[in-house]
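Enquirer: Structure in C-alpha cells, see below.
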Amino acid sequence: MSSGVEADIVLDAAVVLTLGMNRVLGRGGDAAGRGAQALAALAAGRAEAREAALAEVRTHERALREVVERNARIAALAETRAKLGADVALPPPLRPGEESAQELTAWCAATDRLLDEAERRLSEHLAAQVTAQVFTAPAEGLRADTGRTPPPRRGGDDTQRTLERIMARLLPDAAEDERRAVAEAARLLAAVGTAEEAESVLHEVRLRIREANRRTEDARELARRRAAEREAAEQAEAERRYVLDSITAAFEDMGYEVQPGFETLTAGDGSVVLTKGAWPDHSVRMRVDGAARVEAAMVRERPAESEDDRRVDVEREREWCAAFEAARARLADGGIRSEVSWRVDPGVRELPVGGASRQTGGRSGQRERRRERPT
C-alpha cells in the first residue's frame, strides 16, 4: 500500500489445527468444537486449560491425517485390484465423524494389517498370472514364434515354483510397462532347455523386478510429495480465508462497509475496501497477503482543496487508527495475533487520492521511509 500500516500475522495453533481438521472432515462438527474450546481458554487467559485443549486438538488432528493416508492407500489398492481383475478383499474407507483420537488410531492399526495382507495377495495374484502364461503356452505357438521345436524342459515344476516365488516380490501397483518388462523376461523360461539357462532367465527376472519396484517406490514417493503440496496449498488458502473473513467480520461489527477490492478482477484475492456512511471522501484500502501480513492505507476519493479538508483527513486517520487497534484486539480473541511492523502517524503525510492507492510500493522511497515511525 502507498501509506498506512502493515502488521505481521501469526495464527494461533488452535486455529491452524482446527482449519486442518475441518478440511479433512469436509465440515465443521466436532473438530470445530475442539478448536473453539482451546480458543476460549486462550481468550480467558487460562493457560493450563488452553494447553490441555490444544493437546487434544493436536492429537485428534494427527489421527485424522493418519486416516486420510489409509483411505488413500485403500483407493490405490482398489484401483490396482480392478486392473488385475483380482478377487481380493479390501477394508472400506473410514469417513471420520465423532470418533475419538484413540478410536481413529485403533482403526488405522487394524487397517494397516488388512492392507498389508491385501497387497501381498495382489502380488501373489499377479505372480500366478504371469507364471501361468509362461508355463501354459502351447507348443505350436512356440514353434510359430521361434521357428523351431522348443527343447525339453528340465525341472519344470521347480522352475515354476521358483518363478512364482520371485514374481510375488513385484509390487502390485507397478506400472503396466514395468509389469510387461518383467513378464517378457519370464516368458523366456518357456524356451530354456537346461537348469543353467533357467537360472540365467530367473536372474534377469529378479533384476527387472528390482528395477520395477524401485520405480514404483519412486512413483509412490512422487504421489506422496504432490499430495503434501496440495495439502499445504489447501491449508494456506484455508488460513488466508479465515483471516480475511475474520477481518471483514471485525470491521463490519464496528460499522464499516467491507467490499471486495477493485485492484484486481480475481475474486477473493484478499483486497477489500472499507467505507463508512460518515466518510463521503475517504476509504481504507486493505490487502491480506496470504495469512501472514495485512496492509492498509487510507485514501481520499478526491484531492484535498483546503486546510479544512486537511483537518478532516487527520480526524479520519485518527479514527481509523483507533479502529484498527480495536480490530486487532478482536482478532486476537479469535486466535489471530498481529504485530505492527510499520505505520504512518496521522497527519504525517498527505493522503493519496484513490487511484494512487493502486501502487503497492509503499516503502520503496527513502524519502518516505524517513517519515515513517517504526514500531
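The numbers here are math on the coordinates, done by the rules we state, and not lab data. Because the structure is a prediction, the values reported are computed rather than measured. Cβ atoms come from the backbone with ideal geometry, glycine included; neighbour counts cover every protein chain shown.
Enquirer: Full extension from D157 to E301: what is 0.36 nm times the residue separation minus their Cα-Cα distance, to one decimal in nm?
Expert: Numbers: separation 144, 0.36 × 144 = 51.84 nm, distance 9.03 nm.
Between D157 and E301, full extension yields an extra 42.8 nm.
Enquirer: What is the gain in length, in nm to one decimal, between A55 and A322 on full extension, counting 0.36 nm per residue of separation less the C-alpha to C-alpha distance? Walk me through the numbers before you get to the answer.
Expert: On the way: separation 267, 0.36 × 267 = 96.12 nm, distance 3.56 nm.
Length gained between A55 and A322: 92.6 nm.
Enquirer: Identify the residues of segment 71-98 with backbone N under 14 Å of a label point that sits 7 angstrom from the Cα of A128 along the Cα-to-Cβ direction, or state none.
Expert: 84-89
Enquirer: Let me ask something additional. Pop the C-beta distance of S100 and E257 into the FRET formula with R0 = 56 Å and round what comes out to the nearest 0.05. Intermediate results must be reported in sequence, preceding the final value.
Expert: Values: r = 44 Å, r/R0 = 0.79.
It comes out at approximately 0.80.
Enquirer: OK, next. Put a dot 7 Å past each Cα toward the Cβ at Q235 and E217; how far apart are the dots in nm?
Expert: That separation, rounded to one decimal, is 2.6 nm.
Enquirer: Multiply the residue separation of R62 and E196 by 0.36 nm, subtract the distance between their alpha-carbon atoms, and state the gained length in nm to one decimal. Please list the in-between numbers first.
Expert: Numbers: separation 134, 0.36 × 134 = 48.24 nm, distance 5.35 nm.
Working it through step by step, the gained length comes to 42.9 nm.
Enquirer: What ranking do 49-57, 101-109 get when scored by the average of other Cβ atoms within 10 Å per residue, highest first?
Expert: Details: 49-57: 17.8, 101-109: 14.9.
Averaged packing, sorted descending, gives the order 49-57, 101-109.
Enquirer: Can you list which of the chymotrypsin sites (Phe, Trp or Tyr not before Pro) found in segment 197-304 are DSSP loop residues with at most 16 other C-beta atoms within 10 Å? Present the calculation step by step, with values, prior to reporting the outcome.
Expert: On the way: sites: Y242, F251, Y256, F262; in loops: Y256, F262.
Taking segment 197-304 and a limit of 16 other Cβ atoms within 10 Å, the loop chymotrypsin sites (Phe, Trp or Tyr not before Pro) found are F262.
Enquirer: Segment 82-113 to segment 268-317: how many Å between their Cα centroids?
Expert: Spelled out, the Cα-based centre of one part sits 54 Å from the other.
Enquirer: Right, next: By average Cβ neighbour count within 10 Å, what is the ranking of 191-199, 67-75 from highest down?
Expert: Values: 191-199: 14.7, 67-75: 16.7.
So the peptides 191-199, 67-75, ranked by packing, come out 67-75, 191-199.
Enquirer: Quick one: if you stick a label point 7 Å off each Cα along the C-beta vector at E48 and E184, how many nm between them?
Expert: About 7.1 nm separates the two model spin labels.
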